[in-house]
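To start, the structure under review is shown below, and the notes come after it.
Since every read-out is calculated from the coordinates, none of them should be taken as a lab result. Every value quoted in this text rests on a predicted model; they were computed, and no experiment measured them. Positions of Cβ are generated from backbone atoms using ideal geometry, with glycine treated the same way; all protein chains shown enter the neighbour counts.
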Amino acid sequence: MSVFRKGSTALITGGASGIGLAVAQLCLKQGMRVVVVDLNTTTLELARKTLDGGDDVAIYTADVAKEEDWKGLKGEVGRKFGDVDFLMLNAGVGTRGTWGDSDYFQKIFSTNLFGVVNGLNTFVPSFQARSPASNPSAIVITGSKQGITNPPGNAAYNASKAAVKSLAEHLSFDLKGNSTSVHLLVPGWTFTGLSGNAPGSQATKPSGAWHASQVVDYMYQKMQDGKFYIICPDDDVSETTDKKRMLWSAGDVVNGRPPLTRWRPEYKDEAEKWMAECDV
């Protein structure tokens, strides 16, 4: 039996567009009841029309960075649907900034990190209370390859996603033996609002990117296979290339190199040679 079953309840943050909306569509197809949470009221209304799930869909406006919004959300969802069986913490922002720009750091961490922390603190106790014999439940947290390989140029975003990865790993360990599985979804290049595909946009998908539905299909299969790390390829970057990039990044620590050597000119030839010859 899977969490994707008729009558179970899904709650998805950042659910009004992109990957979140595609997950909501998947859940509805499986006969689940779906709670879509987002801050953007315009995209929420579009999501309501797109999903067209009748009483099986509930739409809520909430700021995941605010604990009080989570408390209100838990109460309303509990009254309408009961316990949440599938929690997907997917809300995120991709603002750019630099050192000295406190608003940049605050905005990124408030949504990308504390939006996850607040969601976990609100719902994990109810998952912990389930007996090991309960029907399967699941928690999915959306991370980023930038939180693993850490490319230069967006320090706050990378740090927020690195922290999310660590939280998901601890949660998976702490829930071992429970009926709840935990998964870290790490999309590749995906054609969503963060990459120019805002709801209602007529933009054309770049040839190398995946549609959100492809990411969700990949996630679904990996969840069925019991995988914690769901590292999605795309049409430009293969699974093998991802693994090599991650290994090289870890090698900075293991081999005593400076950080981020994959992007340092003095390591360019060495890194390219290693990427070409490494066998994973």
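Using only alpha carbons, build the gyration tensor for the range 10-78 and give me the equivalent ellipsoid semi-axes, biggest first, whole Å.
18, 13, 10
Which order results if TYR267, TYR157 are arranged by neighbouring Cβ count within 10 Å, fewest first?
TYR267, TYR157
To test your reading of the geometry: what angle, between 0 and 90 degrees and rounded to tens, separates the Cα axis of helix 155-174 from the longest principal axis of the chain?
Approximately 60 degrees, to the nearest ten.
Neighbour counts of other C-beta atoms within 10 Å: give me TRP189, TRP99 arranged from fewest to most. All intermediate terms of the calculation are to be shown ahead of the outcome.
Details: TRP189 18, TRP99 9.
Listed from fewest to most nearby Cβ atoms, that is TRP99, TRP189.
What area, in nm² and to one decimal, does the C-alpha convex hull of the range 238-279 cast on average over all directions? Please report the intermediate quantities before stating the final value.
On the way: hull surface 11.3 nm².
Over all viewing directions, the range 238-279 projects a mean Cα-hull area of 2.8 nm².
Would you list, by chain and number, the lysines whose Cα falls below 16 Å from the Cα of LYS74, excluding same-chain residues fewer than 8 positions away?
Candidates past the 8-residue exclusion: LYS66.
Per 0.36 nm of contour for each residue apart, how much would the distance between ASP279 and HIS211 grow if the chain were fully extended, relative to their Cα-Cα spacing?
Difference between extended and current length: 21.6 nm.
Could you state the angle between the C-alpha long axis of helix 239-254 and the longest principal axis of the C-alpha atoms of the chain, as a value from 0 to 90 degrees rounded to the nearest 10?
70
Taking N as the number of residues in the range 129-280, what is its Cα Rg relative to 2.2 N^0.38 Å?
Expressed relative to 2.2 N^0.38 Å, the Cα Rg reads 1.18.
Pairs of alpha-carbon atoms within less than 8 angstrom and 6+ residues apart define the contacts here; what relative contact order does the chain have, in percent?
Result for the chain is 16 percent.
When the chain is treated as a GNM, springs tying every alpha-carbon pair under 10 Å, which of GLY143, GLY94, GLY208 comes out with the largest mean-square fluctuation?
Sorting by GNM fluctuation, first place goes to GLY208.
Order of ARG33, ARG96 from fewest to most other C-beta atoms within 10 Å?
ARG96, ARG33
Can you tell me, using C-alpha contacts under 8 Å and at least 6 residues apart, the relative contact order of the range 209-280 as a whole percent?
23
Over the range 3-148, what is the relative contact order in percent, taking alpha-carbon pairs closer than 8 angstrom and at least six residues apart? Before the final figure, lay out each step's value.
Working: 225 pairs, mean separation 36.7, N = 146.
Relative contact order of the range 3-148: 25 percent.
Would you mind listing how long the chain runs along its three principal axes, going by Cα atoms, in whole Å with the largest first?
59, 43, 36
Compare VAL186, VAL124, VAL84 in a GNM of the chain, Cα atoms joined below 10 Å, and give the one with the largest fluctuation.
VAL124
About the Cα centre of the chain, what is the dipole size in debye to 20, counting +1 per Lys and Arg Cβ and -1 per Asp and Glu Cβ, all else neutral?
With only Lys, Arg, Asp and Glu charged at Cβ, the dipole is about 360 debye.
Select from GLY75, GLY15, GLY188 the residue whose mean-square fluctuation is largest in a Gaussian network model of the chain (Cα-Cα springs shorter than 10 Å).
Of the options given, GLY75 has the highest mean-square fluctuation.
Per-residue ellipticity at 222 nm for the chain, helices alone: DSSP H runs ≥ 4 residues times -39500 (n - 2.57), over residue total, nearest 500 deg cm²/dmol?
Counting only the DSSP helices, I get -13500 deg cm²/dmol.
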